[in-house]
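The values are calculated or read from the model by the stated rules, or taken from the named source; none is laboratory data. Predicted model only: the values in this text are computed from it and were never measured. Heads up, the Cβs are rebuilt from the backbone with ideal geometry, glycines too, and the neighbour counts pull from every protein chain shown. Note: areas computed on protein heavy atoms with side chains; ligands, DNA, RNA excluded. Shrake-Rupley method; radii C 1.70, N 1.55, O 1.52, S 1.80 Å.
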Amino acid sequence: MGVDSGRSTVARHVCYPCKRKFPTAAMLRRHERQSDSHRKQLEKREDRMRKRKRELVLACRHLRQLILANEEEQQGGAVNIELVQSQRILLEMQLQQLLGEYGQAQEYLEVSREIREARQNGTGRTPRTHEVRVGKLALSAGVAWWQSNKDVQEDRFMLDIQLESPEGHTIAGFAVLDGHSGSLCVDHLVENLQGHLQKCLRSKSSLTDESLSAAVQEACERTDKEFLQKARQMEVLDGSTMILALVYPQVEPPAPDSSRTPGCCKLLVACVGDSRAVMCQAASATESGGATALEAVPLSEDHKPNRLDEQKRIEAKGGLVDFEGVWRVFLPGSARFGGQMIARWGLAVSRSFGDLLLKEAERFDCIGVAPGGLITAEPEIRIVELEPSLHRFVVLASDGVWDVIGSQDAVSICAAQATPELAAQTLLRRTYAANSDD
């Protein structure tokens, strides 16, 4: 006679797209990796989501037209202003709801793409979080990146840069890299930047603000020089921007009047291009009216061609700065590259890695350009003394985020989330809902 142990025999491992249950997690994973029916179900769900995205685009467009008509009605006069304003509020609420759903739809497609590519490559999910201790600080980082509607994903990130100072202290780093004109340059940065940082740092006698800054400058120069050599051989125009953050312990004795103690940390931010770093810090009691408030503090300044100092440097080398959709740096004339004549070539940032043609235009029959490059990979560096009671977190993001989300909004969005990874995902969802496909 059998004995009922009272344990449930109901399968707890469920494949929801296929509506199937499995007795073990291993069997569920095998089903997800190998089942053709599972793959087809996912493809059907993705098709439905893409269709829903198209519907949302049309619905948003219609609501924007209604909002515009509402504005014209208010300006026309002889109307019930209170009623029209109420209609306007309702329309804007409906639009925000649809845009939020649009962002969620894109998030689903991004996750599906990642799962599909991982299955095809036989690899696991790329880690999205990293924890590390530096001095007295325990750091936790999270990342999110979307390919969006682009054919190729040219953005990269470095979540776990780990360096060692000449004295043996740990330095933790994080970077966002925004590639353009191809992914060769951005991949070169991912593969080689950390190694050059460590080599340059190892050549210093000790860890100081000056020695670390010099090591970063030298590493960027070496990494760029190395890629430009490859670009000449391959005749490619790939490039990339970078925003880099390094957290390191204060090794130097603090000033006599300083309250800082050994083990306190500093933050170095190095910027090349228009990816940006923003710090969230607590506002002072007087600024916030006595309540606890958070404010965004920029840690970098975008390298745009129309920035006065950048424009002066570009024009001194013979380059042109002109507005074509956005401000761009242009060659002063045509150039011969890759066996063809390029009549006009420009870039929307004034500093980047790679971009051979804008750095060595004189090699390619471009008349009127002085040697030395119209753009440079020299980073601008800023160092901040970290105060845990004041500084909460740092957001690193590419221009696709900052083009549609303000620094203060980004800080508010991230501060409301429970984990760094969720903060990054939510920021991207809001960015996409605000009509950024970059």
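For the range 133-255, the gyration tensor built on C-alpha atoms gives an oblate shape. Its axis ratio a/c (a ≥ b ≥ c) is at least 1.5, and a/b is not larger than b/c. Here the alpha carbons of the chain define both size measures, Rg and Dmax, at 25.9, 97 Å.
For Gln162 and Gln85, the FRET efficiency from 1/(1 + (r/R0)^6), where r spans their Cβ atoms and R0 equals 51 Å, is about 0.35. Considering the chain as a Gaussian network with a 10 Å cut-off on Cα pairs, which listed residue, Ala214, Ala410, Ala245, attains the greatest mean-square fluctuation? The residue with the greatest mean-square fluctuation here is Ala214. Considering only Gly372, Gly400, Gly142, the mean-square fluctuation computed in a Gaussian network model of the chain, springs between alpha carbons under 10 angstrom, is largest for Gly372.
Model label points for Lys21 and Ser389, set 7 angstrom from Cα along the Cα-to-Cβ axis, are 5.6 nm apart. Residue-wise HN-Hα couplings along the range 352-357, as the Karplus relation 6.51 cos²θ - 1.76 cosθ + 1.60 with θ = phi - 60° gives them from phi, are 6, 7, x, 6, 3, 4 Hz; Gly and Pro carry x. Could you tell me the calculated FRET efficiency between Val57 and Glu301, based on Cβ-Cβ distance and R0 = 41 angstrom, to the nearest 0.05? It comes to 0.75.
Label-to-label distance for Arg50 and Ala370 is 5.1 nm, based on points extended 7 Å past Cα in the beta-carbon direction.
Per atom type, the chain shows carbon and sulfur on 50% of its accessible surface, probed at 1.4 Å. Estimated at the nearest 10 Å², the accessible area of Ser398 is 10 Å² with a 1.4 Å probe. Please work out the FRET efficiency for the pair Arg363 and Val14, using the Cβ-Cβ distance as r and a Förster radius of 60 Å; give the result to the nearest 0.05. E between Arg363 and Val14, to the nearest 0.05, is 0.50. Going by accessible surface with a 1.4 Å probe and the largest first, His188, His13, His62 read His62, His13, His188.
For the residue pairs Lys199/Lys230; Lys230/Lys359; Lys19/Lys44, alpha carbon separations beyond 18 Å are given by Lys199/Lys230.
May I ask you to derive the relative contact order of the chain, considering only C-alpha pairs under 8 Å and at least 6 residues apart, and to give it as an integer percent? Computed over the chain, the figure is 14 percent.
Place a point 7 Å from Cα of Asp209 in the direction of its Cβ. Which residues in the range 352-390 have their backbone N less than 17 Å from it? Label zone hits: 380-388.
Given a 1.4 Å probe and the protein chains as shown, Thr376 ends up with an accessible area of around 40 Å².
In this structure the chain gives 53 Å² per residue of accessible area when probed at 1.4 Å with all protein chains present.
The helix-based estimate of mean residue ellipticity at 222 nm for the chain, built from -39,500 (n - 2.57) per DSSP H run of four or more residues and divided by its residue count, is -13500 deg cm²/dmol to the nearest 500.
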